[in-house]
Amino acid sequence: MTTTASQEAFLQAFHAERPAVTAEAFGRGRAPDGRSSYEILCDRVADSGRVLDLGCGDGLLLELLARSDGRRLAGVDLSPESLALARRRPALSGARLEEGRAQALPFPDDSFDACVSHMALMLMAEIEQVAAEVARVLSPRGVLACVVGGGAVGGEAYERFVGLLRSTMQKLPPSRHIPALGDRRTRTREGLDDVLGAAGFAPVEWDTFAIDLSGPVEQVWETVSGLYDLGPLDHTTVERLREDFLTEAAELTTPQGIVPCAFTMHLATARLR
Ligand SMILES: C[S@@+](CC[C@H](N)C(=O)[O-])C[C@H]1O[C@@H](n2cnc3c(N)ncnc32)[C@H](O)[C@@H]1O
């Protein structure tokens, strides 16, 4: 199997088990202005009538986009299980939801005014091919807006969890490690400029914000344990990680029973020249 095929096979197998994991983890998160990262992305393309969601998952972002009348919406994803959840959303009955790869989009040239992607572009291999495909299906001056993950905010539960996960992984054989996913250039402004510039996009606009995921400890555990790295771990290892996390989280818990937890995200927007 090629590297790309094994990455995509891993993603498909993971989402077959957890088809709505990202929306469950991040849908309740809030930026300082009170919006979720999905709402921020939706607002960014408020003026676009034909919108494609790349790596649409269970369709949460598409459902928000469908609140504007008269929009033509489409989503593409590798995961049939995630798409099945998207198809169950009544608001998406008119949307075109396709199982497919962002590297070979099943749409004609000039089909969309905007392409959005929430926490998915950063997982995609052969990113130059993805950028070329997005440019092909967008109309002239069309816009790509995507949210990509930054990292854990220091001193809070996400960072503590990542530390515990790292020391757990160091003790495990390579068979328990996930394949390296995506292209790191999608996680920085300069890297994304390289990739998108070559496909005909103007320089990206880049905003960074923290998403607050604080809550009761079990809720925060549900959020952090959605990371792909936990996919290949056996039940005993996950339980041990959970116990260790609960111990660390107890140190952080406020008198009101809230565990502080935050994650940084980047919103990148680029328009075709
Ligand atoms: C982290 S999930 C995000 C799902 C959704 N956008 C959300 O935020 O709720 C990443 C999604 O991207 C999809 N994906 C990853 N690589 C892809 C590719 N090359 N083509 C299409 N979908 C892809 C995965 O199947 C998965 O559903």
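Every read-out reported here was derived from the displayed coordinates using simple, explicitly stated rules and does not represent laboratory data. Keep in mind it's a predicted model, so treat the numbers as computed, not measured. As a convention, Cβ positions derive from the backbone with ideal geometry for all residues, glycine included, and neighbour counts pool all protein chains shown.
Run the paramagnetic zone check for Glu98: 7 angstrom along Cα to Cβ, then residues of segment 44-81 with backbone nitrogen under 16 Å.
Within reach of a label on Glu98, which here means backbone N under 16 Å from a point 7 Å along Cα→Cβ, segment 44-81 contributes 50-57, 72-80.
If we count every other residue with Cβ under 14 angstrom of Thr2's Cβ, Lys/Arg +1 and Asp/Glu -1, where does the sum land?
Charge balance in the 14 Å sphere: -1.
At Arg30 and Thr208, where each label point lies 7 Å from the Cα along Cα→Cβ, what is the point-to-point distance in nanometres?
With each label point 7 Å from Cα toward Cβ, the separation is 2.4 nm.
With a 10 Å radius around each residue's Cβ, average the other Cβ atoms per peptide and rank 66-75, 129-138, 251-260, highest first. Before the final figure, lay out the partial values.
Working: 66-75: 16.0, 129-138: 21.4, 251-260: 13.2.
Final packing ranking: 129-138, 66-75, 251-260.
Ranked by Cβ crowding within 10 angstrom, fewest neighbours first, how are Trp206, Trp221 ordered? If you can, show how the numbers build up before the last one.
Details: Trp206 15, Trp221 20.
Ascending Cβ contact count within 10 Å gives the list Trp206, Trp221.
Rounded to the nearest 0.05, what FRET efficiency do Arg88 and Gln219 have when you use their Cβ-Cβ distance and R0 = 25 Å? List each step's numbers first, then the result.
Numbers: r = 24 Å, r/R0 = 0.96.
My answer for the efficiency is 0.55.
Once the Cβ-Cβ distance between Ala198 and Asp69 is put in as r, and R0 is 41 Å, what FRET efficiency do you end up with, to the nearest 0.05? Numbers along the way, then the final one.
Working: r = 36 Å, r/R0 = 0.89.
Computed FRET efficiency for Ala198 and Asp69: 0.65.
Could you work out the local net charge near Leu105, counting Lys and Arg as +1, Asp and Glu as -1, over the other residues with Cβ closer than 9 Å to its Cβ?
After counting each charged neighbour, the total is 0.
Using the crude model of +1 on Lys and Arg Cβ and -1 on Asp and Glu Cβ, and no other charge, please compute the dipole size for the chain relative to its Cα centre, in debye to 20.
Charge dipole, the chain, about its Cα centre: 360 debye, nearest 20.
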